[in-house]
Structure formats: C-alpha cells, structure tokens
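Note sheet for the following structure.
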Amino acid sequence: MDILSRGTALNGNVRVFCCCTTKLVQEAVERHNCLPTAAAALGRTLSVGCIMGTMLKDKKEKIEIQIDGNGPLGNMVVDAYYDGTVRGFVTNPKVELAKDDNPQKLDVGKAVGTNGVLRVIKDMSMKRPFISEVPLQTGEIGDDFAYYYMKSEQTPSVVSVGVLVDKDYSIKAAGALVIQMMPSATEKDVQIVEEIVAHLKPISQIIDEMKDPTEIVKAIFDDYQELATQELGFKCECNKGKFAIVLSKLPKEDLQVMIDEDHGCEVICKFCNTRYYYDEKTLQGYVKAQMACEKKQKEVAGKA
Ligand code: ZN
C-alpha cells in the first residue's frame, strides 16, 4: 500500500512530508504504457502531487499541476485530491532519453524541457481558482517544485523526488520527500537541513531500501513528530455517463458523421486511458434529442 507521512521536526521549525508511491506510479505507467523516461517524469509529478493534495484544507478542493517545457515529452498534467488520490498523463509516453554523460541514467530534464512553465491551479470549490506559475528550472521536477514553493508560496523547501525503473520497466520504487522551513525556523535549522540534504541518498533508493515513509523520516530527524498518515492511490473519476453528456452536446452534424462513417464512437479518457464505446443507436438518440429540442425552441419563438 502506498502511504504518506506528514509531521514536524526540529522543534516544529520544519514540516516534513514523505510518501511512498511505488504502486500508484506502477498503475499509471501500465495504464499509459510509459517507457522509462516518461514513467520517471510522470511518476515524479504524481508523487509531488500526492503531497500537494494532502496539503489541501477541504475535501472539495483539488490541485491541477501542468508542466510544459516544450521538450519531447509534451504536456504533463496531474490532478491531486484531498483524499490522497491522483491521476495524470503525458502527451508522449513513449519518450526514452538517457543522459549524455551516463547512459544508465534517465534524462528527465531533457525529456520535459526547460522552455516553459510549471503551473499549479488550486480549485477551491465555489471560489475562483488560484493559479500560480513559475518558469521551469531544470525540468527534473524536484528542482522545479522547490523553485515553485519559494517563488509562489515564499516557503524555502527541499524537494527530493525519484522513480526507480527496473530492467523489465516495472517500477521498483517511487516517492518524494518535501522539507519546508516554517517562519519560526532559525539560521541553525536551515544549516541542519542543508547538512542533511547534502548527505541524503536519492529518495527512490531510500524508499527501495526502507519502504515505510514514517521510518524514513524518523531516520532523518531524531525528533520527528508525526501528525498523520494518509493512504495514497491512482484514481480517475471518469465514467461512461460523464462522457455521454459531453458527447450528446456535440453539434448534431458531427454526431451524424460518426454515425455514417464509423457507426459509433470510442472515447478514451486521457487521464486513465479507459476506453468507452457508444454505438450507432446511442448517437442517433442524441441527434434526435437535439432535433426535438430545436423544434420546441422554434415553436416557442413562433408563439412569441
Ligand atoms: Zn479516466
């Protein structure tokens, strides 16, 4: 089970989030048939998304992360929710790039690109959404979110995120660690955190070795005070009915083309890759409903 631990350390002067996301990243990678570099990029963003989602104050709120660095990966979108669930996709899951100086390492930065932005949209239910964006720094995701927290939320943060892809392309380990300085943090606290980070192994390696986020943070900070744990998972709330509503509102001329040429229509959810099929009869029903509606409107207009 994927899990997140959040709490405070250094006498409450830093807040810490650590999550293990191996299973949900595996699910996302399988759903989208990602090759390793795309898997790492999407997995890293999903992992930070889990942490951002659990930072939300209300269960009706939602976070949308958009990353578009104009690299070969294209656009990457991740939705994160209060309950610890996430969903996401990349435009081109077949991107595969190794670092020039180390063919063993995936070049996520080059795949994502740096000629673009990291955008975070906080959908706060009834209120106007809060949108904030920063230019991408390295495209390696961790650095980009650290920059986002600094520029957008004025919170100095360490963001360590990683995905370990096995030889058979399955996900061996994935997760993220975020350490944020509270306003009460002293110069000494900053030094301690810098010292810790300088000696920290890659987070994916730590997760592969230790698995449990609570144990990981305890090993980093002697005085870790855990406030809560949260189960995490990949979840998409799409269903056939939701897409049917969208489909039924398409111009009837377009629906007629689908009826005449394809005798039906297939809709694929870009977030979870689920396919939904609508047969000819269903589409004809939408056309008829639109025609009946137009007829009624004409009658009403005629009477007026
Ligand atoms: Zn879906």
Handout entry: Cα coordinate range in the chain, projected on the principal axes (Å, largest first)
Key = 79, 47, 36
Problem - trypsin sites (Lys or Arg not before Pro) within segment 5-67, DSSP loop, no more than 11 other Cβ atoms inside 10 Å - result: Lys57, Lys59
Handout entry: Principal-axis tilt of helix 22-32 within the chain, Cα atoms, nearest 10 degrees
Key = 30
Completion exercise
Computed from every Cα-Cα pair in segment 16-172, P(r) in 5 Å bins starting at 0 and rounded to whole percents is 2, 10, 19, 24, 21, 14, 7, 2, 1, 0
Exercise for the section: Can you run the Rg to Rh ratio on segment 240-294? Use alpha carbon positions and the Kirkwood inverse-distance Rh. Expected result: 0.98
Handout entry: Average Cα contact separation per residue, the chain, under 8 Å, 6 or more apart, as relative contact order %
Key = 22
Completion exercise
Contact order relative to length for segment 183-304, counting C-alpha pairs under 8 Å separated by 6 or more residues, stands in percent at 16
Handout entry: Amide proton proximity set for Gly139, modelled H, under 5 Å, gap of 5+
Key = Asp144
Exercise for the section: Loop only per DSSP, at most 16 neighbouring Cβ atoms within 10 Å: give me the chymotrypsin sites (Phe, Trp or Tyr not before Pro) in segment 137-192, ordered by residue number. Expected result: Tyr169
Problem - For the chain, calculated [θ]222 nm from helices alone, where every DSSP H run of n ≥ 4 adds -39500 (n - 2.57) - result: -11500 deg cm²/dmol
Problem - Assigned charges on the beta-carbon of Lys, Arg, Asp, Glu; segment 1-148 dipole about Cα centre (debye) - result: 500
Problem - Kirkwood Rh in Å, taken over all unlike Cα pairs in segment 165-228 - result: 13.5
Completion exercise
Listed with the fewest Cβ neighbours within 10 Å leading, Ile63, Ile121 appear as Ile121, Ile63
Problem - Greater than 18 Å apart at Cα, pairs in Lys188/Lys211; Lys105/Lys201; Lys242/Lys298 - result: Lys188/Lys211; Lys242/Lys298
Problem - trypsin sites (Lys or Arg not before Pro) within segment 96-184: DSSP coil, no more than 10 neighbouring Cβ in 10 Å - result: Lys127, Lys167
Handout entry: Burial ordering of Cys238, Cys20, Cys34, fewest other beta-carbon atoms within 10 Å first
Key = Cys238, Cys34, Cys20
Handout entry: Cysteines, the chain, no other Cys beta-carbon under 4.7 Å
Key = Cys18, Cys19, Cys20, Cys34, Cys50, Cys265, Cys293
Exercise for the section: Could you tell me whether segment 170-285 comes out rounded, prolate or oblate from its Cα gyration tensor? Rule is a ≥ b ≥ c as square roots of the eigenvalues, rounded for a/c under 1.5, then prolate if a/b exceeds b/c, otherwise oblate. Expected result: prolate
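All of the numbers you see were taken from the coordinates with simple rules; none came from a lab. No experiment lies behind these values; they were computed from the predicted model shown. For neighbour counting, all protein chains shown are included, and Cβ atoms are generated from backbone atoms with ideal geometry for every residue, glycine included.
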